[in-house]
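The values are calculated or read from the model by the stated rules, or taken from the named source; none is laboratory data. Here the structure is a predicted model, which means the values were calculated and not measured. So basically every Cβ, Gly included, is an ideal-geometry build from the backbone, and we count neighbours across all protein chains shown.
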Amino acid sequence: MLSKAGKVLMGTVVLLAAGGAWAASGDTAPTTTLSSVQIVEQMQRHNQARAQALKHYKSVRHYQVEYRGFSKTVVAKMEVEVDFDAASGKSFRIVSQSGSKLLCEKVLKRAVESEKEAAQDKGATALTAANYRFHLVGSENLGGRTAYILDVEPVKESKFLYRGKIWVDAADFALAKVEAEPSKNPSFWISRARIQFTNAKTGDFWLPEKNRSETKVRIGGTAVLTIDYGSYQIS
């Protein structure tokens, strides 16, 4: 059953890899009266501009997966150095790993491989009208900044897509937060999978901050994958 849960945990990394380029204090009025179509168009335009400006960064990520089931808890951890270059893409180097060797091999290392796969076809994971239907439901103050809240529904079922809510920063039109579930359940043995993901602003760029994915297995057990993306050295 552990390997079944691992498939969903790896999939969440694929889902969110292309979205990376806060607690809510209550509803506030949007800064402008934009439609969902206008918000998505602005988001795509700003994302493209930021992507063109971002040339290079380094970071050290902290991956952890914990499986609880059948009166047993199994944990694995991994540190991964990520080097992004606009010309050549991302490269990953495992710095250290500990805990369950099975989880390291079957979940954490495959999660890294899944992100590489997603990077090869960014169009398949992008928040665009080709992949999603969007509905504006309101706005919130998120970390002192106003963010639009949109419901997102995938146009088709795919391991690369999800359904749920996204928060878009109203000033920078950047993806700030995601609460969702995979659009396609990869296995009968998975009863539920939930994704929580945040981006944070570093200088002029919005980059992945934290990812938490919780998967429940039908016959018992819960697997939780967390990724702390660390601090970024941008050049």
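For Asn141, the criteria (1) within 16 Å of the chain's Cα centre (by Cα); (2) within 25 Å of Thr33 (Cβ to Cβ) hold in every case but one, which is (1).
Just one of the listed residues (Ala51, Ala5, Ala76) is in contact with a Lys or Arg (Cβ under 9 Å, 6 or more places away or on another chain), modelled with pLDDT of 90 or more, small (Gly, Ala, Ser) and not in a loop (DSSP other than H, G, I, E, B), and it is Ala76.
Being among the β-branched types (Val, Ile, Thr), touching a Phe, Trp or Tyr at 6+ places or on another chain (Cβ under 9 Å) and not in a strand (DSSP E or B) is true for just one of Ile227, Ile219. Which residue is that?
On the way: Ile227 fails: not in a strand (DSSP E or B).
The match here is Ile219.
Taken residue by residue, segment 121-136 has at least one member that is within 25 Å of Val65 (Cβ to Cβ) and crowded, with 16+ Cβ neighbours inside 10 Å.
Looking at Glu115, Glu81, Glu105 in this structure, which one is among the charged types (D, E, K, R), closer than 24 Å to Phe160 by Cβ and either assigned to a strand (DSSP E or B) or at pLDDT below 90 (or both)?
None of the others qualify; the one that does is Glu115.
Just one of the numbered conditions (1) over 16 Å from the mean Cα position of the chain (by Cα); (2) closer than 25 Å to Glu214 by Cβ; (3) surrounded by 14 or more Cβ atoms within 10 Å (Cβ to Cβ); (4) among the small types (Gly, Ala, Ser) is not true of Ser96: (3). Annotation note: of Glu181, Glu153, Glu209, the sole residue that is closer than 21 Å to Leu108 by Cβ and out of contact with any helix residue (DSSP H, G or I) (no Cβ under 9 Å at 6 or more places or on another chain) is Glu209. Checked against the criteria, Arg133 counts as charged (D, E, K, R) and under 18 Å from Ile39 (Cα atoms). When segment 150-192 is filtered for residues that are assigned to a loop (DSSP other than H, G, I, E, B) and at pLDDT 95 or above, the ones remaining, listed by number, are Ala170, Ala171, Asp172, Phe173, Ala174.
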